[in-house]
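Notes follow the structure.
Every number in this text was worked out from the coordinates using simple rules, so none of it is lab data. Small disclaimer: the values here were computed from a predicted structure and weren't measured. With ideal geometry, Cβ positions are generated from the backbone for all residues, glycine too; neighbour counts draw on all protein chains shown.
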Amino acid sequence: MTIRIDLSKEVKASVSQVLDYFTNVEALPQFHPEYIKNVTIVSREDGENNNNIEFEQEGSFHGKKIKSINKLTRLGNENTIRIEIIDGNGKGSVTTIKCQEVSPGTTQIRLEGELHYGILEKILSRSIHGITEKTLEEDIHNLEQK
């Protein structure tokens, strides 16, 4: 069973500010302290149209410690970020964040994901949806405070 996420929110921030925010993976523990405890950059590549960051993430989910290696790719010409869990808890999960300017200074964020958590998927599906919605609301709040 795959948990599918499809959320859309507007934020009072430019597309560029939103993309910069979501690629600032080092700040994830400050953005979401309840769930993300530590982030370590493994590698970083900056290309003409793509930026790639591979990072290790340690977190907590329902009191269980989780750890994963993630690859974030920023597709600059598409205003899209793709995050894939390449190892650890949730391996095979893919999330995309698409940004579109609605009006000057306002961006629509569309978050889509296919998440894999093994046998826990069925039990935790509702909880994962709730956490994803909560973290996106935290992101909106953080962006609008800048």
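Some points to look at:
- Nearest-20 debye value, the stretch 1-121 charge dipole, Cβ charges on Lys, Arg, Asp, Glu: 340
- For the chain, the calculated P(r), taken from all Cα-Cα distances in 5 Å bins from zero up to the bin holding the longest distance, is 2, 9, 18, 24, 23, 15, 7, 2, 0 percent.
- For the chain, excluding the exposed loop sites themselves (GluC sites (Glu not before Pro), DSSP loop, at most 15 other Cβ atoms within 10 Å), the longest remaining stretch covers 49-146.
- Note on Val102 and Glu56: their simple-model spin labels are 4.0 nm apart, each label 7 Å out from Cα toward Cβ.
- Contact order for the chain, expressed relative to its length and based on alpha carbon pairs under 8 Å spaced 6+ residues apart, stands at 29 percent.
- Filter on Lys12/Lys37; Lys12/Lys65; Lys9/Lys91 - keep pairs with C-alpha separation over 29 Å: Lys12/Lys65
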